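A short write-up of the structure that comes next.
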Amino acid sequence: MADILTVSPALMERYLSAARKIGRLAVGETPLGPATDTYDVPILLMQDDRMGDDVPFGSRGGIGIRHYFPVDGEYDVEIRLHRNYVNYVRGMGSRHELEVRLDGQLVRSFVFGGEEPEGIQAPASYGGNQFGDPAWEEYMLYADANMRARFQATAGPHVVSVAFVRRFTEPEGVLQPRQSIFAVAVNEMRDGNAAVEHVAVGGPYVSTGPGETPARQALFTCRPVSDATADEEACAQEILSSLARRAYRRTLEAEDVATLMDFYRAGRDAGSFDSGIQLALERVLISPDFLFRVERDPIDIRPGASYALNDTALASRLSYFLWSSGPDDELLDLAEQGRLSDPEVLAQQARRMLADPRSKELVRNFAGQWLYLRNLRGVVPDAVVFPEFDENLRDAFLQETELFFESLIREDRSVLDLLGADYTYVNERLAEHYGIPSVYGSQFRRVTLPPAVAERRGGIFGHGSLLTVTSYPNRTSPVLRGKWVLANILGTPPPAPPADVPDLPDRGEDGRAATVRDRLQRHRESPACSVCHAPMDPLGLALENYDAVGKWRETGEANLPIDASGNLPDGTAFEGPTGLRSLLLERREQFMGTFTEKLLAYALGRGPEYYDRPTVRAITRAAASDNYRWSSIITGIVQSTPFRMRRSES
């Protein structure tokens, strides 16, 4: 939270470096020399299908890159293909065509594979230990040696795609399970699909000018009518005043503009008009008014006193709450007019901002924190236990939950639908993992779940993202899942465990195989452990039918049947995800109070305090009459006292 953040000298140096880089890119300064950006493709990202909207239809594998070209000029792209551990290019047994495109236009295509030279080959999977003929070794090792293409690009953001032309084939014979760990490293996959390992975009090798990028068009709102100093300074003042107003998120004072004009003149004296704007822009980007959201206490106010925020501070709070960015011109205009402190105007602006595409940041950031989606990238399931897990599935988990969360906000549905909606978003890879039939292709689409499937996959408890981040790499954890439900759904987090708590035993009594439920039962025999585990474990055990990567199962360890029933300390009984969902919907007031508290803390940028509880209860009660719709909760928050007021600290 903001009250414990500090700025180290190293961080300040990084701010300065970032400001210089952004200034050069925004103005379009020619780089001192060519630079190369490398885009890696994870080895576990299967490249058997189309890889998203940035690559053409009819393609498979590869990567779509959104690259920013600093100036108009000449650039190149270099491609490296996937190899095994002794650097044999994979998939060389068949012919492949690889296309490089810029914004959909073909730049160059490369054809390789399917032309093995006659002679001795290294035995399959023994390459590196036994060598083939020199011509064959060269064929396997250097297929991508000249995969480089040079092209002209205009300055600004463009899409560079590198993808294979897809050839529809069907594997013959007995389908083999997916290989993992050592087998993947060794196998050259001669008859499999070739894949891209990384793409490097370099340049400019020849520069032809700054071009007209979206950044330049937004920055240079005027051009001097002549080379006269007065004309240039008038235009510079117009540009910098507009820029600083948005960057500082407030009405400018005369000193603000004077400081920036001093930097403009220093840059102009050393170069051109654009150089002066660039130096002043860098000064804006390292200003404390830009880097920090400063809410200054009124002069001579006593410590601990509450006061209403001014309209400018409200505009920043609202925009960073819903957009994770600064206020737009409409919000700033209302703040300067003194109208944003009107609760009705504040609510109207909140609804407008929720309808804006920038509200996706609320999904990405709030859902990322509350549902632990931010942890998903760092989860590494055991490849021996879960060989089917790959980066495609990880990406699908994340996209499903974000699309689902976004749909609830966009359609202004009830927050309760988080627990039990009858639809979700899947592509073919995720549908296969969930057991949902008749879904084909890499494109995500909304799928209405049949009642039997909705019992398993309806709501966030059926999402692989949440189930994976609340598991261990090699097994499920009812404790982690139960703790998440207690802390994030019911608002009753358990205390931290004692330091000397033993690990959960790997097996049951006498070394016999046992389910996680049985081993937890032994763990709870200690009274010190039972106090916390009695309300926590049943909640997590209700989700035990989902394995550690969210796949439904009927049996667990050693093929023992899973018992997903549970009993809370108050005697309430339930079974499986359906029973858990019903239990939580019966306690909807408790869930909604927890959700509102979490969202309020996110909006304020600080942890909840005891004096926030009446506000949370009031927002929840008011939203109940509107079936707890998202707009009701968010409007209640932005109109609440904690959101519109602040307590002085000094």
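The values are calculated or read from the model by the stated rules, or taken from the named source; none is laboratory data. This one's a predicted model, so the numbers in the text were calculated from it and none came from an experiment. Note that we place each Cβ from the backbone using ideal geometry, even for glycine, and neighbour counts take in every protein chain shown.
The single condition among (1) farther than 25 Å from Y320 by Cβ; (2) assigned to a loop (DSSP other than H, G, I, E, B); (3) not aliphatic (A, V, I, L, M) that G267 does not satisfy is (2).
Figure legend. Inter-residue proximity from the stretch 351-371: first residues under 29 Å from T470 (Cα atoms) and among the β-branched types (V, I, T), second residues part of a helix (DSSP H, G or I) and at pLDDT 95 or above, beta-carbon distance below 7 Å, spacing 6+ or different chains. Indicated pairs: V363/E402; V363/F405; V363/E406; V363/I409. Candidates D412, D422: the one that is under 18 Å from R456 (Cα atoms), touching a residue at least 24 places away in the same chain (Cβ under 8 Å), over 19 Å from the mean Cα position of the chain (by Cα) and surrounded by fewer than 19 Cβ atoms within 10 Å (Cβ to Cβ) is D422.
Just to be sure, is S625 small (G, A, S), without any contact (Cβ under 8 Å) to a residue 60 or more places away in the chain and surrounded by fewer than 20 Cβ atoms within 10 Å (Cβ to Cβ)? Yes; evaluated as a whole, the condition is true for this residue. So for the stretch 7-26 (the condition being outside any strand (DSSP E or B), touching a Phe, Trp or Tyr at 6+ places or on another chain (Cβ under 9 Å) and surrounded by 14 or more Cβ atoms within 10 Å (Cβ to Cβ)), does at least one residue qualify? Within the stretch 7-26, one or more residues are outside any strand (DSSP E or B), touching a Phe, Trp or Tyr at 6+ places or on another chain (Cβ under 9 Å) and surrounded by 14 or more Cβ atoms within 10 Å (Cβ to Cβ).
Taking the criterion of being modelled with pLDDT under 95, surrounded by fewer than 16 Cβ atoms within 10 Å (Cβ to Cβ) and not in a helix (DSSP H, G or I), would at least one residue in the stretch 243-251 satisfy it? Yes, the stretch 243-251 contains at least one residue that is modelled with pLDDT under 95, surrounded by fewer than 16 Cβ atoms within 10 Å (Cβ to Cβ) and not in a helix (DSSP H, G or I).
The strands (runs of 3 or more DSSP E) found wholly in the stretch 91-165 and carrying at least 2 residues that are loosely packed, with under 13 Cβ neighbours inside 10 Å occupy 105-112.
Residue count for the stretch 279-309 under the criterion of being closer than 26 Å to D612 by Cα and touching a residue at least 24 places away in the same chain (Cβ under 8 Å): the result is 13.
Yes or no, residue by residue, for (1) under 23 Å from A350 (Cβ atoms); (2) assigned to a helix (DSSP H, G or I); (3) outside the structural domain of A347 (by TED's automatic domain parsing); (4) among the β-branched types (V, I, T):
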{"site": "D570", "(1), (2), (3), (4)": "no, no, yes, no"}
{"site": "T578", "(1), (2), (3), (4)": "no, yes, yes, yes"}
{"site": "E597", "(1), (2), (3), (4)": "yes, yes, yes, no"}
{"site": "P614", "(1), (2), (3), (4)": "yes, yes, yes, no"}
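Assess whether L45 counts as being touching a residue at least 40 places away in the same chain (Cβ under 8 Å) and within 21 Å of the chain's Cα centre (by Cα). In short, yes. Residues of the stretch 550-574 that are closer than 26 Å to N474 by Cα and buried (at least 17 other Cβ atoms within 10 Å of the Cβ): G550, K551, G556, E557, I562, A564, G566.
Would you check if there is a residue in the stretch 461-469 being closer than 22 Å to W630 by Cβ, in contact with a helix residue (DSSP H, G or I) (Cβ under 6 Å, 6 or more places away or on another chain) and part of a loop (DSSP other than H, G, I, E, B)?
Yes; the residues of the stretch 461-469 include at least one that is closer than 22 Å to W630 by Cβ, in contact with a helix residue (DSSP H, G or I) (Cβ under 6 Å, 6 or more places away or on another chain) and part of a loop (DSSP other than H, G, I, E, B).
Restricting to the stretch 616-650, name every residue that is outside any helix (DSSP H, G or I) and at negative phi. Step through it out loud before you land on a result.
If we filter the stretch 616-650 for residues that are outside any helix (DSSP H, G or I), which is where we start, we get 625-629, 639-640, 645-650.
The answer is S625, D626, R629, Q639, S640, M645, R646, R647, S648, E649, S650.
Of the residues screened, L584 is not one that is at pLDDT 90 or above, part of a helix (DSSP H, G or I) and in contact with a strand residue (DSSP E or B) (Cβ under 8 Å, 6 or more places away or on another chain).
Condition check ((1) touching a Phe, Trp or Tyr at 6+ places or on another chain (Cβ under 8 Å); (2) surrounded by 20 or more Cβ atoms within 10 Å (Cβ to Cβ); (3) of a type in the set (K, R); (4) on the phi > 0 side of the Ramachandran plot) across all residues:
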residue	(1), (2), (3), (4)
L322	no, yes, no, no
S325	no, no, no, no
L331	no, yes, no, no
A335	no, yes, no, no
R339	no, no, yes, no
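Of the residues screened, R283 is one that is under 30 Å from A335 (Cβ atoms) and at pLDDT 95 or above.
Conditions tested, residue by residue: (1) crowded, with 18+ Cβ neighbours inside 10 Å; (2) at negative phi; (3) β-branched (V, I, T); (4) not assigned by TED's automatic domain parsing to the domain that holds V549.
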| position | (1), (2), (3), (4) |
| --- | --- |
| R429 | yes, yes, no, yes |
| E432 | no, yes, no, yes |
| I436 | yes, yes, yes, yes |
| Q443 | no, yes, no, yes |
| P451 | no, yes, no, yes |
| G459 | yes, no, no, yes |
| G462 | yes, yes, no, yes |
| Y472 | no, yes, no, yes |
